[in-house]
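We did not get these values from a lab; they are worked out from the coordinates using the rules stated. Quantities reported herein were computed from a predicted structural model and do not represent experimental measurements. We place every Cβ from the backbone using ideal geometry, glycine too, and count neighbours over all the protein chains shown.
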């Protein structure tokens with residue numbers, strides 16, 4: 001049954017839809033049980049399995065997923081992070097006319113008939129006000145869910161990395177109130193930097209000819225002169241597109257480098273033990289991280305559904321990486 005109740009004291013059973021590399025799984029570790037994880041991307045599933053081998057992650061086209069299978073997980077919470085391309089400001093904004101929105105429509109059909117106790121989702125800010133957004137709200141309201149929505153950026157939690165996203169939580173049991181966020185004390189970006197290995201430097205130093213051509217349009221930080229800088233949003237195009245895809249760092253010797261995947265994961269809130277299979281290319285790592293979720297923001301949002309997360313640690317004090325002022 002889709003709305004099966006937990007045994008008292010048992011972790012909430014969660015189904016991670018459009019799971020990517022596992023941002024939701026990383027956020028709920030120790031607070032809930034992920035009983036299934038599905039995504040269309042085989043690359044994402046491979047990385048997910050590498051880090052969460054016991055979640056039953058598999059590649060699946062959610063638009064065509066068998067109804068009996070999805071309800072067979074007996075999950076109480078469905079997490080969804082559907083494709084954002086139909087709603088991004090840089091895209092065609094075809095909304096529900098975009099073929100990538102069909103899987104969301106399919107899931108709304110299932111939720112409207114007999115959905116789980118709880119539903120939560122994430123998308124880009126442009127999702128708000130779209131036809132897809134209206135469909136989600138009408139479906140949940142008609143099915144008897146209490147619904148709460150918010151825009152949240154990790155900078156509101158003291159994390160020096162922009163990634164504003166739209167979040168929704170819904171429950172048939174009612175929702176816990178979100179805490180009032182205090183004025184954030186921004187953690188220095190240098191706290192999240194890790195000295196690259198010699199091998200990493202070979203991959204992440206930006207060629208001089210690229211700086212000559214694209215430098216004026218690149219966001220290059222020199223943290224020795226401006227320690228309070230905040231990284232702009234890293235996108236899936238980081239490492240491929242030189243402008244408007246993320247920030248860069250000026251090293252002590254004057255060269256410019258990209259953030260490493262390890263540093264990006266830290267800014268996103270993934271633990272130091274999160275990693276990639278060795279054969280996954282640097283370009284693919286950047287793409288998968290850029291398409292993932294802020295674990296910091298997820299923990300804050302999910303506290304409305306999972307009581308134990310209301311006392312979860314804040315970003316301040318969590319990062320144990322070596323602090324550097326020059327790389």
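Just want the ordering: 61, 118, 55, from fewest to most Cβ atoms lying within 10 Å of their own Cβ.
Working: 61 12, 118 25, 55 20.
Exposure proxy ranking, most exposed first: 61, 55, 118.
Please give the calculated 222 nm ellipticity per residue for the chain, where each DSSP H segment of at least 4 residues contributes -39500 (n - 2.57) and the sum is spread over every residue; nearest 500 deg cm²/dmol? Kindly include the intermediate steps, with their values, before the conclusion.
On the way: 10 runs with 86 residues, N = 327.
Value at 222 nm, helices only: -7500 deg cm²/dmol.
Assuming R0 = 25 Å, can you tell me the calculated FRET efficiency for the pair residue 114 and residue 156, based on Cβ-Cβ distance, to the nearest 0.05? Numbers along the way, then the final one.
Numbers: r = 36 Å, r/R0 = 1.43.
According to the calculation, E is roughly 0.10.
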> What's the angle, to the nearest 10 degrees (0 to 90), between helix 42-51's Cα axis and the longest principal axis of the chain?
Replying inline: 90 degrees
> Among bridges DSSP assigns within segment 189-286, what percent are antiparallel (round to 5)?
Replying inline: 50 percent
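Multiply the residue gap between residue 201 and residue 225 by 0.36 nm, knock off their C-alpha separation, and tell me the result in nm, one decimal place.
Contour length minus the Cα-Cα distance gives 6.4 nm.
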>> What does the extension gain come out to for residue 131 and residue 105, with contour length at 0.36 nm per residue minus their alpha carbon separation?
In response: 8.3 nm
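Assuming R0 = 22 Å, can you tell me the calculated FRET efficiency for the pair residue 29 and residue 310, based on Cβ-Cβ distance, to the nearest 0.05? Don't skip to the end; give the middle numbers.
Numbers: r = 16 Å, r/R0 = 0.72.
The computed FRET efficiency comes out at 0.85.
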>> Test of understanding: ordering 310, 138, 81 by Cβ neighbours within 10 Å, fewest first, what list do you get?
In response: 138, 310, 81
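For segment 197-286, how big is Rg over Rh, using alpha carbon atoms and the Kirkwood form of Rh? Write down the numbers at each step before the final one.
On the way: Rg = 13.1 Å, Rh = 13.9 Å.
Radius of gyration relative to Kirkwood radius: 0.94.
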>> For the pair residue 67/residue 40, report the inter-label distance in nm, with labels modelled 7 Å from Cα in the Cβ direction.
In response: 2.2 nm
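Output the antiparallel fraction of DSSP beta bridges having both residues in the chain, as a percent to the nearest 5. Please report the intermediate quantities before stating the final value.
On the way: 17 of 39 bridges.
Once the DSSP bridges in the chain are tallied, antiparallel ones form about 45 percent.
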> In nanometres, what is the gap between the two model label sites at residue 98 and residue 241, each 7 Å from Cα along Cα-to-Cβ?
Replying inline: 1.2 nm
> Angle between the Cα long axis of helix 102-114 and the longest principal axis of the chain, 0 to 90 degrees, nearest 10?
Replying inline: 40 degrees
> Out of 300, 97, 16, any idea which swings most in a Gaussian network model of the chain, alpha carbons joined below 10 Å?
Replying inline: 97
>> Computed from the coordinates I sent, Cα extents along the principal axes in Å equals one of [x] 61, 40, 36; [y] 61, 50, 32; [z] 61, 45, 34. Tell me the label.
In response: [x]
> Tell me, what is the FRET efficiency for residue 283 and residue 173 to the nearest 0.05, using R0 = 45 angstrom and their Cβ-Cβ distance as r?
Replying inline: 0.55
> Taking the chain as a Gaussian network, where each spring joins two C-alpha atoms under 10 Å apart, which residue of 136, 301, 34 fluctuates the most?
Replying inline: 136
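Give me 186, 298 sorted ascending by neighbouring Cβ count inside 10 Å, so fewest comes first. Don't skip to the answer; put the middle values down first.
Values: 186 15, 298 26.
Least to most surrounded, the residues fall as 186, 298.
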>> Over the chain, with a Gaussian network built from C-alpha contacts below 10 Å, which listed residue (191, 54, 95) shows the highest mean-square fluctuation?
In response: 54
